[in-house]
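A quick write-up on the structure given underneath.
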Amino acid sequence: MLSDENCLAIKLTLRALPVYSILPISAFILHKFKFFETPFNFIRFALYLVCVEFFTFFDHYVILHKMKHGKHDVHHRFKKNINVLTSFAFFPIDGLSQGLPILYSSFLFPQPTFIIFGMIVIVGIWTLFIHTDTGIHPPFLLHYKYHLIHHQKNFYNFGLFTQTFDYLCGTLRHPQ
């Protein structure tokens with residue numbers, strides 16, 4: 001029998017999934033219009049990753065937490081028992097806003113199609129990873145223990161993958 005909290009997480013996820021599909025559909029449309037026809041370039045790719053990390057941090061910290069847009073508080077109902085069911089339990093616009101940096105960073109630093117689709121998949125897997133304690137805690141990355149602090153305290157550890165912008169902005173809290 002699922003707890004009320006897990007039932008709520010499933011309900012939120014199912015309600016949000018159609019909106020989440022906007023990201024890969026948009027990427028597919030841009031691919032069809034040949035927007036992503038650019039050869040791979042390592043420097044441009046590195047700048048793209050920094051851009052995705054920055055815009056995700058900015059969206060999560062400033063827009064969703066400080067300005068309180070996107071109903072991100074719905075996702076933060078889950079404080080103690082974050083798990084695979086709470087991974088995608090967002091208000092639809094909230095979840096989409098955190099994925100959009102994958103696309104609009106590619107306008108600044110164009111990437112081949114496989115990079116854009118790969119990032120969508122990797123961020124989806126990462127979202128599952130940071131909500132599930134696998135016991136794997138890579139250094140310098142915002143893994144499960146960092147994300148648990150984010151859920152419990154609600155004002156720390158906003159980055160996507162790395163601790164970089166949390167460190168620079170003073171919002172980094174390390175697990176005990």
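Quick note: the coordinates plus some simple rules give every number you see, no bench work behind them. In this text, all values refer to a predicted model and were calculated from it rather than measured experimentally. Positions of Cβ are backbone-derived with ideal geometry, glycine not excepted, and every protein chain shown enters the neighbour counts.
The angle separating the long axis of helix 42-58 from the principal Cα axis of greatest extent in the chain is about 40 degrees.
Compared with the dominant principal axis of the Cα atoms in the chain, helix 113-130 is inclined by about 10°.
Taking the C-alpha atoms only, the angle from helix 22-32 to the longest principal axis of the chain is near 10 degrees. Is the shape of the range 4-169 rounded, prolate or oblate, going by the alpha carbon gyration tensor and its root eigenvalues a ≥ b ≥ c, with a/c under 1.5 for rounded and a/b larger than b/c for prolate? Since a/c reaches 1.5 and a/b is larger than b/c, the shape of the range 4-169 is classed as prolate.
Extension gain for THR134-VAL19 works out to 38.6 nm (0.36 nm per residue, less the C-alpha to C-alpha distance). Give, as ranges by residue number, the residues of the range 58-90 whose backbone N falls under 11 Å from the point 7 Å along Cα→Cβ of LEU2. Zone members listed by number: 85-86.
Calculate, in nm to one decimal, what PHE35 and THR162 gain on full extension: separation in residues at 0.36 nm each, minus their alpha carbon distance.
Details: separation 127, 0.36 × 127 = 45.72 nm, distance 2.81 nm.
Extra length from PHE35 to THR162 when fully extended: 42.9 nm.
Remark on THR162: its backbone amide H falls under 5 Å from those of LEU142, a criterion applied only to residues 5 or more positions apart or on other chains, H modelled at 1.01 Å from N. Counting only Cβ charges, +1 for Lys and Arg and -1 for Asp and Glu, the dipole size of the chain around its Cα centre is about 220 debye.
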